[in-house]
Amino acid sequence: MQMEEIDLQQLVFREEVRPGDIDIVRDIVESTGFFNDYEIPVSTELVEERLIKGDESIYYFLFADYKGKTLAYSCFGPIACTRSSYDLFWIVTHDEARGKGIGKVLLAKTEEKIKQMGGSLIVVETSSLEHYLPTRQYYVRCGYDKAAQIPDFYDEGDDKVIYIKKV
């Protein structure tokens with residue numbers, strides 16, 4: 001089912017993590033076709049940790065809901081042993097809703113939240129594989145600078161590419 005036009009003004013953002021978000025996050029991540037089978041459980045484990053630990057969890061979430069359906073989410077948290085740096089662990093839009101501007105709005109809201117929490121630097125990592133080129137271009141379009149590239153990090157020929165942005 002391909003979604004029609006989305007009025008970005010009608011997106012509702014929530015920080016509260018609900019038990020049903022475990023399945024929602026799995027569905028969103030699986031829909032993209034970007035992630036390996038071993039990465040998908042990691043996305044849901046972070047939701048589970050937030051549900052179990054609550055405010056003691058280092059994982060924070062922002063969900064983008066539209067007409068009662070969650071279309072995208074981000075997961076972020078402070079980087080240990082830093083004063084104000086944050087990792088953006090995940091930002092994923094359901095495949096049905098990709099290309100409609102939701103991810104860009106969600107990223108801006110996530111950056112605002114990190115700044116409200118005292119963050120001043122956001123660190124993002126992604127793969128150098130060809131099918132991640134749109135992801136890397138997305139970060140550049142959203143004002144992130146490429147800070148480093150670690151050869152063969154994930155696998156032979158699959159570098160880790162690190163982007164940063166001051167907020």
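The values are calculated or read from the model by the stated rules, or taken from the named source; none is laboratory data. Since we're looking at a predicted model, the values are computed, not measured. Because the Cβ atoms are built from the backbone with ideal geometry, glycine has one as well, and the counts that use them run over all protein chains shown.
With the requirement that a residue be part of a loop (DSSP other than H, G, I, E, B), within 18 Å of residue 67 (Cβ to Cβ) and of a type in the set (A, V, I, L, M, F, W, C), what does segment 1-54 give you?
Residues satisfying the conditions are 1, 3, 6, 11.
For a quick check of your reading of the model, give me the residue pairs whose first member lies in segment 120-136 and is under 27 Å from residue 83 (Cα atoms) and modelled with pLDDT of 95 or more, whose second is in a helix (DSSP H, G or I) and among the polar types (S, T, N, Q), with beta-carbon atoms closer than 9 Å and at least 6 apart or on different chains.
122/110; 126/135; 127/135
With respect to residue 17, is the statement that it is within 23 Å of residue 117 (Cα to Cα) and in contact (Cβ under 8 Å) with a residue 40 or more places away in the chain true? Don't jump to the end; show me each part of the working.
Values: within 23 Å of residue 117 (Cα to Cα): yes; in contact (Cβ under 8 Å) with a residue 40 or more places away in the chain: yes.
In short, yes.
Any residue that is touching a helix residue (DSSP H, G or I) at 6+ places or on another chain (Cβ under 9 Å), more than 30 Å from residue 5 (Cβ to Cβ) and not in a strand (DSSP E or B) - is there at least one of those in segment 149-160?
no
What number of residues within segment 140-159 satisfy the criterion of being in contact with a strand residue (DSSP E or B) (Cβ under 7 Å, 6 or more places away or on another chain) and among the charged types (D, E, K, R)? Can you show your working first?
Filtering segment 140-159 down to residues in contact with a strand residue (DSSP E or B) (Cβ under 7 Å, 6 or more places away or on another chain) leaves 143-154, 158-159.
Now narrow it down to the ones that are among the charged types (D, E, K, R): 145-146, 152, 158-159.
Total satisfying the criteria: 5.
Somewhere in segment 50-71, is a residue among the aliphatic types (A, V, I, L, M) and either at pLDDT below 95 or closer than 22 Å to residue 121 by Cβ (or both)? It would help to see each step written out before you state the result.
First, the residues of segment 50-71 that are among the aliphatic types (A, V, I, L, M): 51-52, 58, 62, 64, 71.
This time we only want the ones that are either at pLDDT below 95 or closer than 22 Å to residue 121 by Cβ (or both), so: 58, 62.
Yes, segment 50-71 has at least one match.
Residues that are over 26 Å from residue 20 (Cα atoms): find the strands (runs of 3 or more DSSP E) completely inside segment 55-146 holding 3 or more of those.
Counting at least 3 such residues, we get 121-127.
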